[in-house]
Amino acid sequence: MTTEIKKILVANRGEIAVRIIRTAKDMGIKTVAIYSDADAYSLHVLMADERVCVGAPSPEKSYLNIGRIASIAEEYGVDAVHPGYGFLSQNPNFIKELEERDIIFIGPSYEVQRLVGNKLGARKFFYSNGIPVVPGTFTSVSPDDAITIAEELGFPVIVKPASGGGGIGMSIVWREEELKKSLKKAQELSKTAFNAQEVYIEKYFPDARHIEVQILGDTYNNIVHLFERECSVQRRFQKILEETPSPALTESLRKKLFEIALKAAKLCNYTNAGTFEFIYSPTYRQFYFLEVNSRIQVEHPITEMVTGIDIVREQIKIASGEPLPFKQEEISRRGHAMEVRVYAEDPLNNFMPSTGNISEYREPAGPWVRVDSGIYEGVEVTSYYDPLLFKIIVWGSTRREAINRMMRALDETVVEGVITNIFLHKTILKDRCFIDGEYDTKFLEKRDIIGKLAQEEKKFKIKLPRKKEKAPAIREEVDVWRVMSRLDLE
């Protein structure tokens, strides 16, 4: 049974809200944008057919306010809600609230979200069904038993909150004396950010590569993959550059990865779009299941560039009850795609978030260049939310061509008024190990990319804008944990 979706409420902000609105318009679907007081003049608000203020700047009072958002959806007569990523995108309580009002949630079902939303529960479920998971605990760890567990796994280990994402609360522990401190920090950040204190321990692989598989599943038990994405260029477990295909995989390894990902997706009766994430150890030539991101991913555009499939469009069609329009053998991949995330932050000042008004903004253009942006010239960048401004995505017939095109696109990009990480991306793209595809999740540290950036600034007299930050009007509503999660506090 299919349901025609005529109007969608976009329960998000920034570039992903703009991205969803564009596909909805392409499909002839009306859109409703919600916004906080701080986002009244944001691009997604200006683009939507209808718009309504959801609350104060603090996410808890706006983009995380389940009751308020569900009420707006009902009041404005929407057929469905698209949550984007982050915020309420993986919250089963939000899905239940919408279902009670006969509103469609564009994403995985309530049952799937309950199963995969808790990392410990997901680890236990997939492990018990034959999916290789990262060695570690399947229950929450206390400081009293942590040392024994870490010794059994063998240092280094990684401490993780059982809830949430974005690298918040995660830390690598190399020695016994660091463990209790890391556990306490993880519990405190998890409590503040996700209202949960459960943490667990996994084995840490120093040579690990972070590789994920894009999945689509309909309500008729049809599940396909859209190939893999390499996400190993990270800072404190937060991805900053992604590419596809992965330069680390042979075709035989790639086939093995897809088999594991599809098996895992079928085990949990996965529906809609999602990403099954894995750690790959080149030393052991082994994949380990990491987690499921049961939503659209920030890096989804590179998959769209190489497959020609609009993932957001497929999400909407699946949610309306339509079957997948293609079979696995009908999906092909062409060329190489790469994405960089442009953040309002200062790489040479401990990645401190930067705020202010965008005084000048020019996007790159030309063949095979795409920009997913949530800003425009004159808009204010506040301290309330994640500092992602926009993403640059490029395609090339080869990986080398994609790298060259990305460098050209970065050279064309102009952002004034806030500090960005554009020069960091240029430094990464020029690094020999990155060019050769020989990198892992500790690439930035191992190659001293920040040190190289500092030398570039000195050598070529690159003047990153420095200005005195203007204090936010409502200090007590600033999300401190979002700022803390982006800083190196160790």
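The values are calculated or read from the model by the stated rules, or taken from the named source; none is laboratory data. Every value quoted in this text rests on a predicted model; they were computed, and no experiment measured them. Because the Cβ atoms are built from the backbone with ideal geometry, glycine has one as well, and the counts that use them run over all protein chains shown.
Just a few scattered comments:
- Unmet criterion (only one of (1) part of a loop (DSSP other than H, G, I, E, B); (2) surrounded by fewer than 16 Cβ atoms within 10 Å (Cβ to Cβ)) for residue 151: (1)
- The stretch 18-46 - residue that is closer than 24 Å to residue 370 by Cα and surrounded by fewer than 17 Cβ atoms within 10 Å (Cβ to Cβ) and, of those, farthest from the chain's Cα centre (by Cα): 28
- Within the stretch 417-451, tally of residues that are surrounded by fewer than 22 Cβ atoms within 10 Å (Cβ to Cβ), in contact (Cβ under 8 Å) with a residue 40 or more places away in the chain and β-branched (Val, Ile, Thr): 2
- Consider the stretch 358-389 and keep the residues that are in contact with a Gly (Cβ under 7 Å, 6 or more places away or on another chain) and small (Gly, Ala, Ser). The one that is farthest from residue 411 (Cα to Cα) is 374.
- Checking each residue in the stretch 228-253 for being more than 13 Å from the chain's Cα centre (by Cα), within 25 Å of residue 125 (Cβ to Cβ) and either assigned to a helix (DSSP H, G or I) or of a type in the set (Lys, Arg) (or both) picks out only 253.
- Helices (runs of 4 or more DSSP H) contained entirely in the stretch 372-452, each with at least 2 residues that are touching a His at 6+ places or on another chain (Cβ under 8 Å) and either β-branched (Val, Ile, Thr) or modelled with pLDDT of 95 or more (or both): 399-412
- Scanning the stretch 65-86 for residues that are out of contact with any Leu (no Cβ under 6 Å at 6 or more places or on another chain) and closer than 19 Å to residue 15 by Cβ turns up 82, 83, 84, 85, 86.
- Identity of the residue in the stretch 100-121, assigned by TED's automatic domain parsing to the domain that holds residue 20 and among the acidic types (Asp, Glu), that ends up nearest to residue 31 (Cα to Cα): 102
- Test: residue 106 is within 25 Å of residue 216 (Cβ to Cβ) and either of a type in the set (Asp, Glu) or in contact with a His (Cβ under 6 Å, 6 or more places away or on another chain) (or both): yes
- Of all residues in the stretch 80-135, those that are crowded, with 22+ Cβ neighbours inside 10 Å, within 20 Å of residue 269 (Cβ to Cβ) and of a type in the set (Gly, Ala, Ser) total 3.
- Each residue in the stretch 36-65 was checked for being free of Cβ contacts under 8 Å to residues at least 24 places away in the same chain, touching a Lys or Arg at 6+ places or on another chain (Cβ under 8 Å) and within 24 Å of residue 342 (Cα to Cα), and 1 pass.
- Breaking point among (1) outside any loop (DSSP other than H, G, I, E, B); (2) within 20 Å of the chain's Cα centre (by Cα), for residue 146: (2)
- Against the list (1) over 30 Å from residue 2 (Cβ atoms); (2) surrounded by 23 or more Cβ atoms within 10 Å (Cβ to Cβ); (3) in contact with a Phe, Trp or Tyr (Cβ under 7 Å, 6 or more places away or on another chain); (4) at pLDDT 95 or above, the condition residue 242 fails is (3).
- Candidate set: the stretch 263-283, residues that are hydrophobic (A, V, I, L, M, F, W, C) and over 18 Å from residue 107 (Cβ atoms); chosen: the one surrounded by the most Cβ atoms within 10 Å (Cβ to Cβ): 278
- Residue within the stretch 213-227 that is surrounded by 22 or more Cβ atoms within 10 Å (Cβ to Cβ), outside the structural domain of residue 162 (by TED's automatic domain parsing), in contact (Cβ under 8 Å) with a residue 60 or more places away in the chain and of a type in the set (D, E, K, R) present: no
- Among the criteria (1) over 25 Å from residue 265 (Cα atoms); (2) in contact with a strand residue (DSSP E or B) (Cβ under 8 Å, 6 or more places away or on another chain); (3) of a type in the set (A, V, I, L, M), the one residue 64 does not fulfil is (2).
- Of residues in the stretch 289-323 being surrounded by fewer than 22 Cβ atoms within 10 Å (Cβ to Cβ) and of a type in the set (Gly, Ala, Ser), the one farthest from residue 3 (Cα to Cα): 308
- Residue 281 being modelled with pLDDT under 95, closer than 29 Å to residue 117 by Cβ, of a type in the set (S, T, N, Q) and touching an Asp or Glu at 6+ places or on another chain (Cβ under 8 Å): yes
- Which listed residue, of 340, 312, is in a strand (DSSP E or B) and at pLDDT 95 or above: 340
- Restricting 341, 362 to those that are surrounded by 16 or more Cβ atoms within 10 Å (Cβ to Cβ) and not aliphatic (A, V, I, L, M) reduces the list to 341.
- Residue check, residue 362 at pLDDT 95 or above and within 24 Å of residue 306 (Cβ to Cβ): no
- Matching entry among 384, 376 (being of a type in the set (Phe, Trp, Tyr), more than 21 Å from the chain's Cα centre (by Cα) and within 24 Å of residue 86 (Cα to Cα)): 376
- Annotation: residue 93 fulfils all but one of (1) over 15 Å from residue 34 (Cβ atoms); (2) in contact with a Lys or Arg (Cβ under 7 Å, 6 or more places away or on another chain); (3) in a helix (DSSP H, G or I); the unmet one is (2).
- In the stretch 189-209, the condition of being assigned to a loop (DSSP other than H, G, I, E, B), among the β-branched types (Val, Ile, Thr) and either farther than 21 Å from residue 122 by Cβ or touching a residue at least 12 places away in the same chain (Cβ under 8 Å) (or both) is met by no residue.
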